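> Below are the structure tokens for one structure; questions will follow.
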Amino acid sequence: MDAVPVRARAYVFGVVLLALVCLCPLPDVRTPWWAVLLLAGLYAGSELVARSRFVGTCYPVLLAGAFLLPPPAAALVALPGAMLSPVTQRPFVLRRVWRAALLTLAVWAAARVHWECGGRDAVVAPGFPYALVPAGAAVLAFCLVLTLLDGGILYLADRVPARRAWRGLFSRSLGPIAVHGLAGLMMAVLWRSPYGFVAALLVLLPMCVAWWAFAQYHREQAAHQATIRALVQAVDIKDGYTRGHSERVGRASMMIARELGMDDERVETLRFAGILHDVGKLGVPTRLLRKDGPLTPEERRVIELHPEYGHEMVRGIRFLGEARAAVLHHHERLDGSGYPYGLAGDRIPESARVVAVADAFDAMTSTRSYSRARPVEVAVAELQRCAGAQFDPRMVGALVRALGRHGWHPAVTSDGGPPLPAGVPAGRTGEARDSVGKGTS
């Protein structure tokens, strides 16, 4: 939304008008203004704290308002927090107005559905599990409105294709919002109980603990990413010939892992494995990595130590998990002729077999100063030819299917470098430097 298209601005304007229409009946509605002000202030404060800790938004307060107040009054609760919440990207005003209108409509819809399902009486005289029915319907309405409007802005402002704009939005948001809805229902029930609103506020304490834990997790993940980034940058600086190679191998490894049906956590681990597979090059003399001609047998043996160097570097990083085995074994071959240990077949860790295929594919399809890129079709044919001897056929098949679905759009690997030595065919120095195989003959 940095440069917002006219059609997206018109869309935001339309959503704002619709939100104002929802607020119009306020003068005619009997509204407990002290409750509106208290909930609006509580939401604004919670929103500022939550967003400064990278833990999202504070939906329990909004949903408690939807369960306690008439629809127009409940919608008003979202306005101060939405307008005051931190915005990090331009245009700041438009983003705040959009968020305010989005939440106003979502809360109004939730309150309206809750009201129509008899939820007000269920909160005043709670009869569980009946009180869960209108609350559940309200949560579904809240989630559905967010999904529809968010998908629209992705399509119009971020130019996401229509078939992808709404995909997965509802399913990803329903679980967290349902949990927030339960917290909001507990707040509403306690608010209407003899204990009053003070007891209702206590419901937020366990939510605050959960937010704190999530913030700690977020910081830990950020530290992990910084560690990976630093190692990859060090490799790219040392071996300028293959700049960008690690990131692309990480991407191809993810494509294979997803095609194999691995869970998200393992897919992320395989991404780390692909990104870090050549980190051991930090232990190899730079003159060998940048040598223009073919390597001698002694130099090749030094190059072939890089998986072990890499494993030594990362084996103490616990969050990498099985990625460490991939770093060590990604040059093993299915027939046992690889290195460093000559493992064969299923003795090679699955993560290493994934990275081996991703590594070979990018090596063949990348343009480098010492090697011309091969077309994707040629590289795929080479992988298939070597499947069963060098590569795991299952991993090759997964990559082929993923490429058929998503394609491959690699960036230029090298930022330049010395020209090919006279008499050296394209690809030969690259094969030597990358300790071939890689599916080339």
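The values are calculated or read from the model by the stated rules, or taken from the named source; none is laboratory data. This one's a predicted model, so the numbers in the text were calculated from it and none came from an experiment. Reconstructed Cβ throughout: ideal geometry from the backbone, glycine too, with neighbour counts over all protein chains shown. Note: areas computed on protein heavy atoms with side chains; ligands, DNA, RNA excluded. Shrake-Rupley method; radii C 1.70, N 1.55, O 1.52, S 1.80 Å.
> Taking only complete DSSP H runs, can you tell me which helices of the chain stretch 20 Å or more along their own long axis by Cα positions and average at least 0.0 on the Kyte-Doolittle scale?
Once both thresholds are applied, what remains is 6-23, 33-52, 92-116, 132-156, 169-192, 204-238, 350-365.
> A further question follows. What whole-number value in Å² describes the accessible area per residue of the chain for a 1.4 Å probe?
Numbers: 20600 Å² over 441 residues.
Per-residue value: 47 Å².
> Please state the relative contact order of the chain as a whole percent: Cα pairs under 8 Å, 6+ residues apart?
Answer for the chain is 12 percent.
> Next question, about the same structure. Leaving ligands, DNA and RNA out of it, report the carbon-plus-sulfur percent of the accessible area of segment 209-341 at a 1.4 Å probe.
Details: 3370 of 6240 Å².
C and S fraction of accessible area: 54 percent.
> Defining a contact as two alpha carbons under 8 Å apart and six or more residues distant in sequence, what relative contact order in percent does segment 278-416 show?
Answer for segment 278-416 is 18 percent.
> Quick one: putting +1 on the C-beta of Lys and Arg, -1 on the C-beta of Asp and Glu, what dipole do you get for the chain around its Cα centre, in Debye to the nearest 20?
820 debye
> Would you rank 150, 158 by solvent-accessible area, highest first, keeping every protein chain in place and using a 1.4 Å probe? Walk me through the numbers on the way to the answer.
Working: 150 50, 158 80 Å².
Largest accessible area first, the residues go 158, 150.
> Still on this structure, I have one more. Take 115, 34, 408 and sort them by solvent-accessible surface of the protein heavy atoms, 1.4 Å probe, largest at the top.
Of 115, 34, 408, the descending order of accessible area is 34, 115, 408.
> Mind grabbing the accessible area of residue 92 for me, 1.4 Å probe, Å², rounded to tens?
80 Å²
> Sorting 406, 224 by accessible area (1.4 Å probe), largest first, what list results?
Listed by decreasing accessible area, they come as 406, 224.
> Under the rule a/c < 1.5 gives rounded, and otherwise a/b versus b/c splits prolate from oblate, where does the chain land using the Cα gyration tensor?
The shape class here is prolate.
> Using just the helices of the chain, give the 222 nm mean residue ellipticity in deg cm²/dmol: DSSP H runs with n ≥ 4 each add -39,500 (n - 2.57), and the total is spread over all residues, rounded to 500. Walk me through the numbers before you get to the answer.
Working: 22 runs with 288 residues, N = 441.
Estimated from H runs of four or more residues: -20500 deg cm²/dmol.
> If amide H atoms are built 1.01 Å from N in the plane of the peptide, which residues on other chains or at least 5 residues away come under 5 Å of the amide H of residue 244?
Placed amide hydrogens put nothing under 5 Å from residue 244.
> Another one. Using alpha carbon centroids, what distance separates segment 393-408 and segment 148-171, in Å?
Computed from Cα coordinates, the inter-centre distance equals 26 Å.
> A follow-up question, please. To the nearest 10 square angstrom, what accessible area does residue 88 show with a 1.4 Å probe?
We get 130 Å² for residue 88.
> When the accessible area of segment 21-113 is split by element with a 1.4 Å probe, what percent falls to carbon and sulfur? Walk me through the numbers on the way to the answer.
Working: 2530 of 3770 Å².
Of the solvent-accessible surface of segment 21-113, carbon and sulfur hold 67 percent.
> Please give the contour-minus-distance gain from residue 222 to residue 301: 0.36 nm per residue of separation, less the Cα-Cα distance, rounded to one decimal in nm.
Computed gain between residue 222 and residue 301 is 24.8 nm.
> Continuing with this model, one more query. Say each of residue 213 and residue 17 gets a label point 7 Å from the Cα, pointing the same way as Cα to Cβ; how far apart are those two points in nm?
Calculated label separation equals 4.6 nm.
> Relative contact order, percent, of segment 226-350 when contacts are C-alpha pairs under 8 Å separated by at least 6 residues? Spell out each step's value before the answer.
Values: 170 pairs, mean separation 26.2, N = 125.
Normalised by residue count, the contact order of segment 226-350 is 21 percent.
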